[in-house]
Amino acid sequence: MVSQLSEKAAVSEKATGERAVTVIGLGPMGQAMAGAYLDAGYEVTVWNRTAAKADALVARGAHRAATPGAALAANELVVLSLTDHDALYAILDPVADALAGRVLVNLSSDTPERAREAAAWAAGHGAEYLTGGVQCPPSGIGAAGSSTFYSGPKEVFEAHAAALKVLTGADYRGTDPGLAALYYQIQMDMFWTAMLSYLHATAITAANGITAQEFLPYAQSTMASLPDFLAFYAPRIDAGTHDGDVDKLAMGVASVEHVLHTAESSGVGTALPAAVLDVFRRGMERGHGGDSFTSLLEVFHEG
């Protein structure tokens with residue numbers, strides 16, 4: 001009880017500091033975030049389950065909190081950089097009585113629904129809550145051009161926007177706490193699928209005696225062409241038109257079949273092109289052979 005009271009007493013001393021922040025979670029991303037705040041002249045308090053991960057930051061001037069409760073008590077603004085929401089609850093549920101008056105900025109990856117649940121949980125303990133989706137690796141923290149999605153109460157975001165922008169640019173998506181997580185996950189949907197396609201293509205090149213370095217300019221050229229395709233198809237998709245005037249799904253099926261056969265003859269696994277081909281064929285079964293490949297949205301919507 002004494003330790004809890006001392007932790008709460010510390011709030012009056014530092015919680016109102018405009019350039020003070022707590023960072024909980026010191027993996028590579030949390031380390032980069034705490035470091036960016038130190039570089040910007042913030043008073044930084046850190047906590048991590050493995051205390052030694054804070055050593056380098058403490059050597060630079062950060063304060064090491066002995067407990068999660070002490071980390072919460074140190075500052076109003078608390079940035080969370082954790083694996084997921086399970087980690088959030090494991091760390092903060094036991095000290096939930098210290099959440100009142102805090103502003104939790106959760107930059108941990110998870111689903112939109114879990115972000116909404118966490119926001120409600122935080123509100124139930126008297127805390128404000130912002131969801132964040134960081135769109136860069138740790139090396140991008142503090143760098144120009146990096147950005148993070150945010151959602152939650154607009155007044156809370158605006159009150160702390162300057163501190164958040166120390167980390168990256170801030171792209172506010174709306175009051176629904178699930179929106180930042182949603183935007184982050186759909187970005188990851190595209191990123192990992194595209195990068196996996198690159199690895200699969202690179203495996204085929206390697207099987208045919210072509211190095212990744214030799215393939216690089218062609219891989220870059222293909223990826224660089226994608227924005228033009230997205231810009232062309234987006235208004236058609238919003239209009240609900242899938243005219244086969246530029247591309248036809250039947251042609252796409254033949255193309256993916258050729259990719260699959262090329263991988264097979266190269267001795268490379270075909271699971272990825274086979275999955276793509278399955279989606280294309282399901283579109284064909286629904287009578288979309290003469291429509292654009294964007295008609296496959298119907299397949300995805302049906303689950």
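Read-outs throughout are calculated quantities, based only on the coordinates presented, and are distinct from any laboratory measurement. No experiment lies behind these values; they were computed from the predicted model shown. Every residue, glycine among them, receives a Cβ derived from its backbone with ideal geometry; neighbour counts consider all protein chains shown.
On alpha-carbon atoms, Rg over Rh for segment 208-301 using Kirkwood Rh?
On the way: Rg = 15.2 Å, Rh = 14.9 Å.
Rg divided by Rh gives 1.03.
Using 0.36 nm per residue of separation minus the Cα-Cα distance, give me the extension gain between residue 286 and residue 186 in nm, one decimal. Kindly include the intermediate steps, with their values, before the conclusion.
Details: separation 100, 0.36 × 100 = 36.00 nm, distance 2.57 nm.
That pair, residue 286 and residue 186, stretches by 33.4 nm at full extension.
In whole Hz, what ³J(HN,Hα) sequence does segment 288-303 give by Karplus (6.51, -1.76, 1.60; θ = phi - 60°), x for Gly and Pro?
Once rounded to whole Hz, the list reads 9, x, x, 8, 5, 4, 5, 5, 5, 4, 4, 4, 5, 5, 7, x.
Considering the Cα positions of the chain, please state its Rg to one decimal place and its Dmax as a whole number of Å.
Just the Cα atoms of the chain yield Rg and Dmax of 24.0, 74 Å.
Mind checking the angle between helix 112-124 and the chain's longest principal axis? C-alpha axes, 0 to 90 degrees, to the nearest 10.
Relative to the chain, helix 112-124 is tipped by roughly 10 degrees.
May I ask you to compute the full-extension gain from residue 261 to residue 39, defined as 0.36 nm times their residue separation minus their alpha-carbon distance, rounded to one decimal in nm? Numbers along the way, then the final one.
On the way: separation 222, 0.36 × 222 = 79.92 nm, distance 5.33 nm.
Here the segment from residue 261 to residue 39 would lengthen by 74.6 nm.
Can you list the residues, at least 5 places off or on another chain, whose amide H is less than 5 Å from the amide H of residue 63, using H built in the peptide plane?
Result for residue 63 returns 44, 45, 46.
Calculated FRET efficiency, residue 298 and residue 194, Cβ-Cβ r, R0 25 Å, to nearest 0.05?
Working: r = 22 Å, r/R0 = 0.89.
Calculated transfer efficiency: 0.65.
Between residue 59 and residue 143, what length in nm is gained on full extension when 0.36 nm per residue of separation is reduced by their alpha carbon distance?
28.0 nm
For segment 2-176, take the convex hull of the Cα atoms, compute a quarter of its surface area, and give me that in nm², please. The partial results should precede the final answer.
Values: hull surface 35.6 nm².
Value for segment 2-176: 8.9 nm².
For residue 170, enumerate residues with amide H under 5 Å from its amide H, sequence gap 5+ or separate chain, H modeled in the peptide plane.
148
Could you size up the charge dipole of the chain around its Cα centre, putting +1 on the beta carbon of Lys and Arg and -1 on that of Asp and Glu, and report it in debye to the nearest 20?
Numbers: 18 positive and 33 negative charges, 164 e Å.
Roughly 780 debye, rounded to the nearest 20.
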